[in-house]
Amino acid sequence: MSDLLGRIAARLRAASITDADGEARRIVSAAHAQGDKAGADERALAMAEQRANGKPLAYVLGRDTFMGVELIVAPGALAPRDETELLGNTALESLRRSGLAAPRVIDMCCGSGNLACAIAYHVPSARVWASDLTDGCVDVARRNVAQLGLQPRVHVAQGDLFAGFAGMGLEGAIDLIVCNPPYISAKRLAEDRAHLLAHEPREAFDGGPYGLSIHQRVIKECLPFLRPGGYLLFEIGLGQDRQVKILFERAKVYDDIRLVSNAAGEARVAQGRRKAV
Ligand SMILES: C[S@@+](CC[C@H](N)C(=O)[O-])C[C@H]1O[C@@H](n2cnc3c(N)ncnc32)[C@H](O)[C@@H]1O
């Protein structure tokens, strides 16, 4: 085992993986957990090779932890990022502050269902409706909901933004919407961020000409669902804070428009409350 660990760590180091020792340990342990003992070393070496060739670690391992919840991660859905926990935790704080006994939440652009599952897991009285455009995301999100036993409280729909919720009777009933949309401009995806598309789907990143197309649409298109007094929370890219604030202000139907910053002082979450009528 320690020979194997050493070999894998050396392969990862040669591929410039920063935490080669840590990742080697996780790969070996995942390979042992995945199937028969006899094939575990072979599996670990094959996984290390994929990682050395640039595949995200979460895809190689097939699992990741988000806000303390263990999730299935698979190509077709973005591997959840640590930075998105700021959006999830802001949503949890907002739900706790609201004091609602049984809050109703939408996770728009749900990807693997990480936010929907984490919110439902941490707020056992919440009901969550999640939606995504792509087959790959909807499949992974539904698998996560099922493996966590959250089916009674988390529903995963498919469609262009809110289209998947038509006919469900959710109009005017939603207390909180979280959305981690694609927010990289098409130009940057063609240039300095092109590497992101090597392993993960374009739909997860492409936010249109300025990176803000989905924010702009969600701010308007959520209104049939978000009740007066309910909150819309976005993850935003670095440097998008001013523009997203302006989008909220221009819609003229939001107040309590605020930014939330991470530990480094960078604004990475934007929120607005639908004005009470
Ligand atoms: C940045 S990823 C976020 C995924 C997940 N919520 C997370 O936090 O890891 C953006 C997601 O938006 C989805 N998406 C892009 N355009 C969409 C649209 N028009 N309607 C619904 N989902 C969309 C993508 O498929 C992708 O899963």
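Bear in mind these aren't lab numbers, they're just calculated from the coordinates by the rules spelled out. It should be emphasised that the depicted structure is a prediction, and the values quoted were computed from it without experimental measurement. For neighbour counting, all protein chains shown are included, and Cβ atoms are generated from backbone atoms with ideal geometry for every residue, glycine included.
Some observations on this one:
- A helix-only calculation puts the chain at -11500 deg cm²/dmol for mean residue ellipticity at 222 nm, using -39500 (n - 2.57) for each DSSP H run of at least four residues, averaged over all residues.
- Mean separation of Cα contacts under 8 Å, 6 or more apart, over the residue count of the range 2-54: relative contact order %: 39 percent
- Counting beta carbons within 10 Å around each of MET67, MET47 and listing the fewest first gives the order MET67, MET47.
- DSSP-defined antiparallel bridges as percent of all bridges, the chain, nearest 5: 45 percent
- Sparse packing (at most 15 other Cβ atoms within 10 Å of the Cβ) combined with a DSSP loop state is found for the following GluC sites (Glu not before Pro) in the range 161-228: GLU171, GLU191.
- Debye equation applied to the C-alpha atoms of the range 143-277, log10 I(q)/I(0) at 0.09, 0.13, 0.17, 0.22 Å⁻¹: -0.31, -0.64, -1.04, -1.34
- At q = 0.09, 0.10, 0.12 Å⁻¹, base-10 log of I(q)/I(0) for the range 1-155 (Debye sum, equal scatterers on each alpha carbon): -0.35, -0.43, -0.58
- Per residue, the convex hull spanned by the alpha carbons of the chain comes to 133 Å³.
- Between the amide H of ILE257 and those of ARG273, distances stay under 5 Å, these residues lying 5 or more places away or on another chain, with hydrogens modeled in the peptide plane.
- For the range 24-118, the relative contact order comes to 21 percent (Cα pairs under 8 Å, sequence separation of at least 6).
- Our summary gives the chain a relative contact order of 14 percent, counting only alpha carbon pairs under 8 angstrom and 6 or more residues apart.
- Amide H partners (placed H, <5 Å) of PHE66, local residues excluded: LEU71
- Couplings 3J(HN,Hα) for the range 15-27, derived from phi with the Karplus relation 6.51 cos²θ - 1.76 cosθ + 1.60 (θ = phi - 60°), are 8, 6, 6, 4, 9, 4, 5, x, 5, 4, 4, 5, 5 Hz, where x marks Gly and Pro.
- Rg of the Cα atoms in the range 2-54, relative to 2.2 N^0.38 Å, amounts to 1.01.
- Alpha carbon centroid spacing (whole Å) that separates the range 100-159 from the range 186-220: 23 Å
- Dividing the C-alpha radius of gyration of the range 68-194 by 2.2 N^0.38 Å, with N its residue count, gives 1.05.
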